[in-house]
Amino acid sequence: MIRTVVEKILARASGRSGVTAGDVVEPRVDLAMSHENAALVIHQFSEIYRGTGLDMRVWDPSRITIIFDHRTPAESAKTATNQKKVRAFVGEQRIDKFHDIRGDRGGICHQILPEYGYVRPGQVVVGTDSHTTTHGALGAFAFGIGATEMAAVWALGTALNVEVPGTIKVILRGRFAARVCAKDAILHLIGQISAEGANFRVIEFHGDAVDRMPTSGRLVLCNMAMEAGATSGIVPADEETRRYLREEAGVSDDIECVRPDEDASYERSIEIDVSDLSPQIACPHRVDNVKSVDAVEGVKVDQIVIGSCTNGRLDDLAIAAGILRGRKVAASTRLLVFPASWRVYQAALKEGYLSDLAESGATILNAGCGCCLGVHQGALGDGEVALSTTNRNFQGRMGNPDSEVYLCSPAVAAASAIAGAIADPRKAG
Amino acid sequence: MSKVVLKLGDDVSTDIIYPGRFMATVLPAETPRHAFADIPQFNSRLLKKEIAPGSVIVAGKNFGCGSSREQAVSALKGHELVVAAKSFARIFLQNAVNLGLKTVACPGIEASEGDEVELTVGQGCPVPNASDSENSRREFSPVRVGGGHVINHSTGGRFDLIPLPRPRQEIMDAGGLIPYARVRLLKRPKII
């Protein structure tokens, strides 16, 4: 039979010779990720065990990873207490893939998983975070689940009642213009197919622009596949995947690349020529309200944010530092930068990017989810406007329903910081 | 018969249902107080117990898009609300099934606040045509159970609903994922 990547992965994980979209399977889970919401997972896990008389043990501690990122260091006593409970559980259950609040191995879950080589092509990865789709960039089938579903995974080691999703093939052709990147391509795609255009489906990314794209860009594509509603984004693993895992993640064991069959059956196919793509902006309050930068150029912004699991990687900070080096953030705005992990932070420190950014007037925050979801730092004032490299601009996302968020690439964010208003980075010099 | 107590549009995100700033509150017993915190009039009616259990929220497409936060479901479940939407975002729908929040996917639904509606879940609803171009009609496999419809007694409208696919209905019927998983755990062969 002819199969897509997700069909191949789910067939193998379910011990079947083949599955097709619509089949219901129970795949074994290779990696189960949670962040602070592990506090709720622990509660639900103990509920499952309640009255069974069984000793409460996770199915395989080596396949569970927990990363504190949403509120680090804790912003409240409540969060600190939740984190304390999770820490105790991690110790009791001997979960080694635990990333506490530390400047050596901390960071955002969706950066830590690739960085530490926890995700491999062909795996089934679940996470109690919607942007778990990110890890499809390494050729895995990675999808977000709720805390109760994770509790069942911790107990049983499988994901129950999974429907094999249909697949949408997205082909990115051509070469990006200077200062146009993966973020612009995925924003453009979401604008085309809408915020529910891939609901209950996988987006498989293909094309020469994806072949040439480093893993850092593929992580952006798959991260934001979620914003089209996708169950997962997947870039079929290739030589670049191997290079990333070997050189950047330090993986030394075998890496098997799961590729789709040539004539695999896709629900639909979408082709985008990226060579004439301009920088793209998602306008308030919808991530699919996407316009070319020229349509919103000059909109004044009060806060600019560079960072997150979408665009807080070393490449992103390099682009921003390259534009801002020797220049100043406009007095009318404020620029907040939060690297995706402490490893990224340290690398950016060594490369001089952080000093370039700080000298331009940027405030460098700690690695973590930061201001993206309005729970920790960088909340917006009433009526304020933000421009951000994060992935969501829902009303109230940055902690204030009476504010607006525009989404963009790191290049747009940096050029706009100089102007104090949305600006086209192709004109920034 | 149930009353429509809130009418919302398309793409209602989990940030609207349960704002991120309350995410440190996790326990199902505590989350209901923050349901729709950024729609203060509705939140205060919930807190004053002015909304009867079984009351209906009517929404457009892609209800519950965004975060996987389960608080968005437990907060509504705590008030025993029912959500009737044109379609649901995947993770929200799965969380709703897992926690036993009643949801009704009804692509044609039309209702206003104050309308009296009747939800009938049972046999007799035609399985939507797989070739239908409407996204929300293609989202599930053909393995379905039941059927049903929504009748708006205030307008006389009658709207077919899309039944849950069988594997999700099994979890609902078990009373949610916790009892469902508990049964599976007890059936697991003992590891010696």
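Listed values, structure above:
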| item | result |
| --- | --- |
| Value at 222 nm in deg cm²/dmol, rounded to 500, when DSSP H runs of n ≥ 4 in chain B each add -39,500 (n - 2.57) | -6500 deg cm²/dmol |
| Over region B:33-91, relative contact order from alpha-carbon pairs under 8 Å, at least 6 apart, % | 41 |
| Reachable aspartates and glutamates from A:K328, criterion Cα separation under 12 angstrom, eight or more residues apart if same chain | A:D356, A:E359 |
| Shape category assigned to chain B from the gyration tensor of Cα positions, a/c cut at 1.5 | oblate |
| Eligible aspartates and glutamates near A:K300 by straight Cα distance, threshold 14 Å, same-chain separation 8 or greater | A:E384, A:E404, A:D424 |
| Folded to 0 to 90 degrees: helix A:342-351 orientation relative to chain A principal axis, Cα | 40 |
| Note, ³J(HN,Hα) from phi for region A:56-65, Karplus 6.51, -1.76, 1.60, rounded to Hz, x at Gly and Pro | 6, 10, 5, 5, 7, x, 6, 9, 10, 10 |
| Length-normalised contact order of chain A in % [C-alpha pairs under 8 Å, at least 6 apart] | 17 |
| Local electrostatic count, A:D273, Cβ distance below 11 Å [Lys/Arg +1, Asp/Glu -1] | -1 |
| Within chain A, helix-based [θ] at 222 nm, where runs of 4 or more DSSP H residues each add -39,500 (n - 2.57), nearest 500 | -9000 deg cm²/dmol |
| Interchain or long-range residues, amide H under 5 Å from B:D10's placed H | B:G60, B:K61 |
| Net charge contributed by nearby residues that have their C-beta within less than 15 Å of A:A417 (K/R +1, D/E -1) | +1 |
| B:M172, A:M213 arranged by Cβ crowding within 10 Å, fewest neighbours leading | B:M172, A:M213 |
| 0 to 90° range, to nearest 10: angle between helix A:215-225 axis and chain A longest Cα axis | 80 |
| Given charges at Cβ of Lys, Arg, Asp, Glu: chain B dipole, positive-most of B:G175, B:G156, B:S13 | B:G175 |
| Rounded to whole Hz, the Karplus (6.51, -1.76, 1.60) HN-Hα couplings of region A:158-174, x for glycine and proline | 10, 9, 7, 6, 8, 8, 5, x, x, 10, 9, 9, 10, 10, 9, 10, x |
| Phi to ³J(HN,Hα) by Karplus 6.51 cos²θ - 1.76 cosθ + 1.60 over region B:105-115, Hz, x for Gly, Pro | 8, 9, x, x, 4, 9, 7, 10, 4, x, 5 |
| Neighbourhood charge, 13 Å Cβ-Cβ cut-off, centred on B:A181 and excluding it, Lys, Arg +1 and Asp, Glu -1 | +1 |
| Placed amide H near A:D273: partners under 5 Å, 5+ positions off or other chain | A:R173 |
| Cα-based reach from B:K49 at 29 Å (exclusive), listing lysines while leaving out same-chain residues under 8 positions away | A:K78, B:K3, B:K7, B:K61, B:K77, B:K86, B:K102 |
| Positive dipole terminus of the protein assembly as shown, leading residue within A:Q346, A:V153, A:L245 (C-beta point charges) | A:V153 |
| Dipole magnitude of region A:280-427 about its Cα centre (Cβ charges: Lys, Arg +1; Asp, Glu -1), debye to nearest 20 | 280 |
| Trypsin sites (Lys or Arg not before Pro) restricted to region A:1-72 and DSSP loop, no more than 16 other C-beta within 10 Å | A:R16, A:R50, A:R57 |
| Per-residue Cβ neighbour rank within 10 angstrom, fewest leading, B:L185, A:L387 | B:L185, A:L387 |
| Within a Gaussian network of chain A (alpha carbon springs, distance under 10 Å), most fluctuating of A:D30, A:D96, A:D356 | A:D96 |
| Placed amide H near A:S341: partners under 5 Å, 5+ positions off or other chain | A:I108 |
| Relative contact order, percent, chain B [alpha-carbon distance under 8 Å, six or more residues apart] | 20 |
| Rg over Rh [alpha-carbon atoms, Kirkwood Rh] for region A:5-272 | 0.97 |
| Crossing angle, helix A:314-324 versus chain A [Cα axis fit, 0-90 degrees, rounded to tens] | 10 |
| Neighbour count of at most 11 Cβ within 10 Å plus DSSP loop: longest GluC sites (Glu not before Pro)-free window in chain A | A:1-255 |
| Neighbour-count order for A:W59, A:W342, fewest beta carbons within 10 angstrom listed first | A:W59, A:W342 |
| Cα gyration tensor shape of the protein assembly as shown, rounded if a/c is under 1.5, else prolate or oblate by comparing a/b with b/c | rounded |
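Rule-based calculations on the coordinates, nothing more; no lab input. It should be emphasised that the depicted structure is a prediction, and the values quoted were computed from it without experimental measurement. Backbone-built Cβ (ideal geometry, glycine too); neighbour counts: all protein chains shown.
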